[in-house]
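K.L.:
First the structure, which I've put down as structure tokens, then a few questions once you've had a look.
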Amino acid sequence: MAFLGTSRFHFHCFVSLFLLISAGFVVFPVKSIGINYGQIANNLPTPDKVIPLVKSIGATKLKLYDADPKVLKAFANTGVEFIIGLGNEYLSKMSDPEKAQTWVKTNVQAYLPATKISCIFVGNEVLTFNDTSLSGCLLPAMEGIHTALVNLGLDKQVSVTTAHSLAVLESSYPPSAGAFRKDLVNCMKPILNFHAKTGSPFLINAYPYFAYKDSPKQISLDFVLFQPNQGIVDPTSNLHYDNMLFAQIDAVYAALGSLGFKKLFIHISETGWPSKGDENEYGATPDNAKKYNSNLIKLISSKKGTPMKPNCDLNIYVFALFNENMKPGPTSERNYGLFKPDGSPAYSLGISTTTATGNGNSTVPLPGPPAIPDNSSSPSSTGYLAISSASMERYSYRIIGPLMMMVVLILVNSVV
């Protein structure tokens, strides 16, 4: 099915903005946010139509799961900063210097400097798969891409990293006791050395939603949605946590510190909340998605660090820009988007948007009533790997979720 006509797409965007400007909604400003731009769908707008949506929510950073040439060309000279992905299926080839350099020339150099590409993530949650043949290719691929960047004089402007799920942790409660899985330490240390040497960030995908979905009776919803609550105190560090995401981030910082890498920076490459789910997917509602993402964006805007790293800005990429109707798995997988494919909001986010005016910029609210997207299935798709990060996060919580979260939320319930 062809995508909705251009006029209809623009109509949805215009009407949404007009109604909320007229309503005079109170909004808060957005300093700088990152968004994951997934494309496992057959009904998404063309990249040139995506630009105004990205700008409307004040996003200045996008993360792609590939190096889609249509997207990279469309966003030239927009100032939007990109993290692009090199898929797991290419890892084994990137230890070959010639192939690595060809990939960088084709997918990075060709778009610079008009398109602002600042980072390449090589492989997605590779260590979660427990596939030694794949994990063995990870660091050589990262090194191959970095060497290619050096040879082309691009290493000062483009960094190289990889994205992990929380399943790389063996312990995460209390946050100060965070530690990597023993079976991954020998693999992880050389990767961390690479980060320290090149100055690239450590990427982690974190989803408090899955902890709540699996244990809705034990877990405080306010704690996972950044709502007012009494929180918990780490008994070792005496640091206070009023939300689960910060506890997760600091557990990763502690794990890095335990291996001697306290100075590495963490970026949250994925986090989000679905607006719709199956009957057993507790908490997947428009209201909860609105609370999670709007409160998260407030935190990003406030430049507030975590209890363990209060002076470090949060670098967080919200998952995701659009609902993606061809993603496999439960209904929630297709409903993480801030927007529906026609350009209208999936739910009211209540954040300020910036639109160009004759004399400068004006701030208007990004709007919309809660709406549920169509989940049609179709024959083909483009974009990142079919095994989504959200699916892998679900897997990770089955491994370490009960170990951490039951203890955390027993404490939460005891003080509420």
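K.L.:
Please list, ordered by first then second residue, the pairs with beta carbon atoms under 6 Å, 6 or more apart or interchain, first in region 215-243 and without any contact (Cβ under 8 Å) to a residue 12 or more places away in the chain, second assigned to a loop (DSSP other than H, G, I, E, B) and surrounded by 16 or more Cβ atoms within 10 Å (Cβ to Cβ).
P.N.:
From residues that are without any contact (Cβ under 8 Å) to a residue 12 or more places away in the chain, the pairs are 222/229.
K.L.:
Additional query: Tell me, yes or no, whether region 75-93 has at least one residue that is open to solvent by 40 Å² or more (accessible area, probe 1.4 Å), in contact with a Pro (Cβ under 8 Å, 6 or more places away or on another chain) and not acidic (Asp, Glu).
P.N.:
no
K.L.:
Moving on. Among the candidates 218, 227, single out the residue that is surrounded by fewer than 18 Cβ atoms within 10 Å (Cβ to Cβ), within 23 Å of the chain's Cα centre (by Cα) and outside any helix (DSSP H, G or I). First the steps, then the outcome.
P.N.:
On the way: 218 fails: within 23 Å of the chain's Cα centre (by Cα).
Of the residues listed, the single one that is surrounded by fewer than 18 Cβ atoms within 10 Å (Cβ to Cβ), within 23 Å of the chain's Cα centre (by Cα) and outside any helix (DSSP H, G or I) is 227.
K.L.:
Among residues belonging to region 234-247 that are part of a helix (DSSP H, G or I) and touching a strand residue (DSSP E or B) at 6+ places or on another chain (Cβ under 8 Å), point out the one that is farthest from residue 268 (Cα to Cα). Can you show your working first?
P.N.:
Pass one, region 234-247, residues part of a helix (DSSP H, G or I): 244-247.
Narrowing the set further to residues that are touching a strand residue (DSSP E or B) at 6+ places or on another chain (Cβ under 8 Å) leaves 245, 247.
Numbers: 245: 10, 247: 13 Å.
Result: 247.
For every residue, the table says whether it meets (1) under 21 Å from residue 316 (Cβ atoms); (2) in contact with a helix residue (DSSP H, G or I) (Cβ under 8 Å, 6 or more places away or on another chain).
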residue	(1), (2)
208	yes, yes
211	yes, yes
216	no, no
222	yes, no
236	no, yes
244	yes, yes
248	yes, yes
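K.L.:
Within region 64-73, identify whether any single residue is modelled with pLDDT of 95 or more, of a type in the set (D, E, K, R) and open to solvent by less than 10 Å² (accessible area, probe 1.4 Å), and answer yes or no. Please lay out each step first, then the result.
P.N.:
Taking region 64-73 and keeping what is modelled with pLDDT of 95 or more, we get 64-73.
So of that shortlist, the ones also of a type in the set (D, E, K, R) come out as 66, 68, 70, 73.
From what is left, the residues that are open to solvent by less than 10 Å² (accessible area, probe 1.4 Å) are none.
No, there is no match, as no residue in region 64-73 is modelled with pLDDT of 95 or more, of a type in the set (D, E, K, R) and open to solvent by less than 10 Å² (accessible area, probe 1.4 Å).
K.L.:
Here's something else I'd like to know. Would you mind finding the one in 40, 33, 51 that is within 23 Å of residue 297 (Cβ to Cβ), within 18 Å of the chain's Cα centre (by Cα) and modelled with pLDDT of 50 or more?
P.N.:
Working: 40 fails: within 23 Å of residue 297 (Cβ to Cβ); 51 fails: within 18 Å of the chain's Cα centre (by Cα).
Checking each option against the conditions leaves just 33.
K.L.:
A follow-up question, please. Of the conditions (1) in a loop (DSSP other than H, G, I, E, B); (2) in contact with a Lys or Arg (Cβ under 7 Å, 6 or more places away or on another chain), residue 317 fails just one. Which one is it?
P.N.:
With respect to (1) in a loop (DSSP other than H, G, I, E, B); (2) in contact with a Lys or Arg (Cβ under 7 Å, 6 or more places away or on another chain), residue 317 is out only on (1).
The values are calculated or read from the model by the stated rules, or taken from the named source; none is laboratory data. Treat the numbers as computed from the prediction; the structure is a model and nothing was measured. Positions of Cβ are backbone-derived with ideal geometry, glycine not excepted, and every protein chain shown enters the neighbour counts. SASA here: full protein model, heavy atoms, side chains in, ligands and nucleic acids out. Shrake-Rupley method; radii C 1.70, N 1.55, O 1.52, S 1.80 Å.
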